[in-house]
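S.K.: Can you read through this structure? Questions will come right after.
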Amino acid sequence: MTNDSPQSLINQLDALLDDERRALLEGNLEAIATLLDRKETLIDALNAQEPGAKTDLESLQGKVNRN
């Protein structure tokens with residue numbers, strides 16, 4: 001995952017947040033636990049990016065708050 005561009009990481013996190021939402025609505029705790037590990041990995045990868053290379057994360061803020 002370290003070779004992914006910041007935008008690719010954001011796209012992956014965006015899709016994961018949609019999956020997380022579905023799991024939350026279904027009460028699928030097992031899926032939520034699995035998604036949490038992936039989410040942490042993606043966030044760590046985004047945090048490892050150069051500050052100038054990070055793209056705008058505001059588009060994900062609404063989904064994070066919603067979930």
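S.K.: Mind listing the phi-derived Karplus ³J(HN,Hα) values for the range 24-36, rounded to whole Hz, using 6.51, -1.76 and 1.60 with θ = phi - 60°, and x for any glycine or proline?
M.R.: Once θ is set to phi - 60°, the couplings for the range 24-36 become 5, 5, 7, x, 7, 5, 5, 5, 4, 4, 5, 5, 4 Hz.
S.K.: Can I ask one more? Would you mind calculating the gained length between residue 37 and residue 64 on full extension (0.36 nm times residue separation, minus the Cα-Cα distance), in nm to one decimal?
M.R.: Fully extending the segment from residue 37 to residue 64 adds 8.2 nm.
S.K.: What is the sum of charges around residue 20, taking Lys and Arg as +1, Asp and Glu as -1, for the other residues whose C-beta is under 14 Å from the C-beta of residue 20?
M.R.: Its environment carries a net charge of -1.
S.K.: Also, quick follow-up: Measure off, as a whole percent, the carbon and sulfur share of the 1.4 Å-probe accessible area of the chain, all protein chains present.
M.R.: 50 percent
S.K.: Let me ask something else. Per residue of the range 43-48, what does 6.51 cos²θ - 1.76 cosθ + 1.60 with θ = phi - 60° give for ³J(HN,Hα)? Whole Hz please, x for Gly and Pro, Karplus curve as stated.
M.R.: Running phi through 6.51 cos²θ - 1.76 cosθ + 1.60 with θ = phi - 60° gives 5, 4, 5, 5, 5, 7 Hz.
S.K.: Mind sorting out which of (i) 1.13; (ii) 1.36; (iii) 1.40 is the real Cα Rg over 2.2 N^0.38 Å computed from the coordinates?
M.R.: (i)
S.K.: Counting only heavy atoms of the protein chains, get the accessible area per residue of the chain (1.4 Å probe) and round it to a whole Å² value.
M.R.: Per-residue accessible area for the chain comes out at 68 Å².
The values are calculated or read from the model by the stated rules, or taken from the named source; none is laboratory data. For clarity, every value in this text was computed on a predicted model and none was experimentally measured. Reconstructed Cβ throughout: ideal geometry from the backbone, glycine too, with neighbour counts over all protein chains shown. Please note that ligands, DNA and RNA were not included when accessible areas were found on the heavy atoms of the full protein model with its side chains. Shrake-Rupley method; radii C 1.70, N 1.55, O 1.52, S 1.80 Å.
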